[in-house]
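Bear in mind these aren't lab numbers, they're just calculated from the coordinates by the rules spelled out. Predicted model only: the values in this text are computed from it and were never measured. Cβ placement follows ideal geometry from the backbone for every residue including glycine, while neighbour counts extend to all protein chains displayed.
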Amino acid sequence: MSHRLLSRALLFASLAAPALLPSAIATAQDPPHSHTAVPEDLKMDNHAKGLFDVKLTAQTDEGGDAKIGRMLLDKQFHGDLQATSKGQMVSTMGQVKGSAGYVAMERVVGSLHGRKGSFVLQHSGTMNRGAPHLIVTVVPDSGTDELTGLVGSMNIIVAEGKHSYEFVYALE
């Protein structure tokens, strides 16, 4: 990845996905449960929270579009969610400073309140001239083992250089 593209990808991550960079300080704006499609009879009354560590690795994409950056995600969750995750993020900057977008998918493996299994989180983030909008939801039917039927959404918070999560979920 060229130095210019890497700089743009890291700048985007700090703007549109602030929870992905340890030096960023921001809070996702949406409540954890605001965008999850959940069956009406299923109450999202389970809450998990804790800290997480994240490592980003920029990837080169020979022959790809120089305005699109790609990074590998490697996370370690602590607290109510004891897990690791691996994923990928694709991002781009807008033509106006402070405007950008990213999508990411990450597979989480571990235990949630003692229930073992895995699930996939889908991220969709935008910055509109500095105003962030982030949605992180469980991919439907991605839960395995004791997490089969998991639905929910995660709020990512970065404060004082630390990453934390609030996860609202239900098990069907």
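Okay, here's what the table says:
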read-out	value
Length gained when the stretch ASN128-LYS67 is fully extended (0.36 nm per residue, less Cα-Cα span)	20.2 nm
Normalised alpha carbon radius of gyration of the stretch 101-172 [divisor 2.2 N^0.38 Å]	1.20
Semi-axis lengths, Å, the stretch 67-141, gyration tensor of Cα atoms, sqrt of 5 times eigenvalues	28, 12, 10
Computed label-point distance, nm, for sites ASP53 and GLU146 using a 7 Å Cα→Cβ extension	2.4
